[in-house]
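Asker: Below you'll find the structure I mean.
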Amino acid sequence: MRAIRWMAWILVVLVAGATIAVLVSDDVRDTMLGTPGEGTGIANIGGPFELVDQTGKTVTEKDLMGKPTAMFFGFTHCPDVCPTTLYEMTTWLEQLGADADKLNVAFVSVDPERDTPELMADYISAFDPRISALTGTPEQVEKIAKAYKVYRRKVEQEDGEYTMDHTATIYLMDADGQFTGTIAYGEAEDIVMTKLKRLVAGG
Ligand code: NI
């Protein structure tokens, strides 16, 4: 009888332990994959913002609702990462075909001091016309950079100019403005296309 009671207790402890292990590993896995999970804090990416696009029109988070969004941060003086990303985004939109119209794509400046709407308009005209180029006051840019947890840092150069270090990740948001994942800089194209198709399909 005593032995059976002990066995029962050991079983209870094992089941409880296994349950905790599954819960913890789920959270860890969500964090590693960058997919939203309850309690990971990852879903806290995004939020309200107000910026201006390359035509001078005010754009807020509400203007992006109703369609999923791919958003990335950069600046027009960027020597390679930003033009590469914009060029790649242009080819991805081409590959998406008609589905590309079911997606918002936004390029957000991390360099509001130099990136005026006029400069953004000129710069973005080399890429797919469906890409919105957003900028704003330093305070407005600071707000969205904080909301998206974007790293950006001014780096002074010898010629008296400066460049910007910045997050090169593309943020994927669903039609309700909820963060759903990322595309890393240099990610393989087949994986990128899978992610974009899934995003457009609402999955
Ligand atoms: Ni850049």
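The values are calculated or read from the model by the stated rules, or taken from the named source; none is laboratory data. Keep in mind it's a predicted model, so treat the numbers as computed, not measured. A quick note on method: Cβ atoms are made from the backbone with ideal geometry, for glycine too, and the neighbour counts reach across all protein chains shown.
Asker: For residues that are closer than 21 Å to Tyr148 by Cβ, in contact (Cβ under 8 Å) with a residue 40 or more places away in the chain and either more than 16 Å from the ligand (Cβ to nearest atom) or in a loop (DSSP other than H, G, I, E, B) (or both), tally how many sit in region 183-201.
Answerer: Residues meeting the conditions: 5.
Asker: Take Ala145 and decide whether it is within 16 Å of the ligand (Cβ to nearest atom), over 20 Å from Asp80 (Cα atoms) and hydrophobic (A, V, I, L, M, F, W, C).
Answerer: yes
Asker: Sticking with this one: Tally up the residues in region 111-166 that are in contact (Cβ under 8 Å) with a residue 60 or more places away in the chain, closer than 12 Å to Thr76 by Cα and touching a helix residue (DSSP H, G or I) at 6+ places or on another chain (Cβ under 8 Å), please.
Answerer: Summing the residues that are in contact (Cβ under 8 Å) with a residue 60 or more places away in the chain, closer than 12 Å to Thr76 by Cα and touching a helix residue (DSSP H, G or I) at 6+ places or on another chain (Cβ under 8 Å) in region 111-166 gives 4.
Asker: Is it true that some residue in region 128-135 is part of a helix (DSSP H, G or I) and surrounded by fewer than 19 Cβ atoms within 10 Å (Cβ to Cβ)?
Answerer: Checked against the condition, which is being part of a helix (DSSP H, G or I) and surrounded by fewer than 19 Cβ atoms within 10 Å (Cβ to Cβ), region 128-135 yields no hits at all.
Asker: For region 72-95, which positions are in a helix (DSSP H, G or I), surrounded by 19 or more Cβ atoms within 10 Å (Cβ to Cβ) and within 10 Å of the ligand (Cβ to nearest atom)?
Answerer: Of everything in region 72-95, those that are in a helix (DSSP H, G or I), surrounded by 19 or more Cβ atoms within 10 Å (Cβ to Cβ) and within 10 Å of the ligand (Cβ to nearest atom) turn out to be Cys82, Thr85, Leu86.
Asker: Could I ask something else about it? Please count how many residues of region 90-140 are β-branched (Val, Ile, Thr) and either closer than 13 Å to Met71 by Cβ or not assigned by TED's automatic domain parsing to the domain that holds Tyr171 (or both).
Answerer: 4
Asker: Name the single residue, out of those in region 96-119 being part of a helix (DSSP H, G or I) and over 20 Å from the mean Cα position of the chain (by Cα), that is nearest to the ligand (Cβ to nearest atom).
Answerer: Filtering first and then ranking leaves Leu119.
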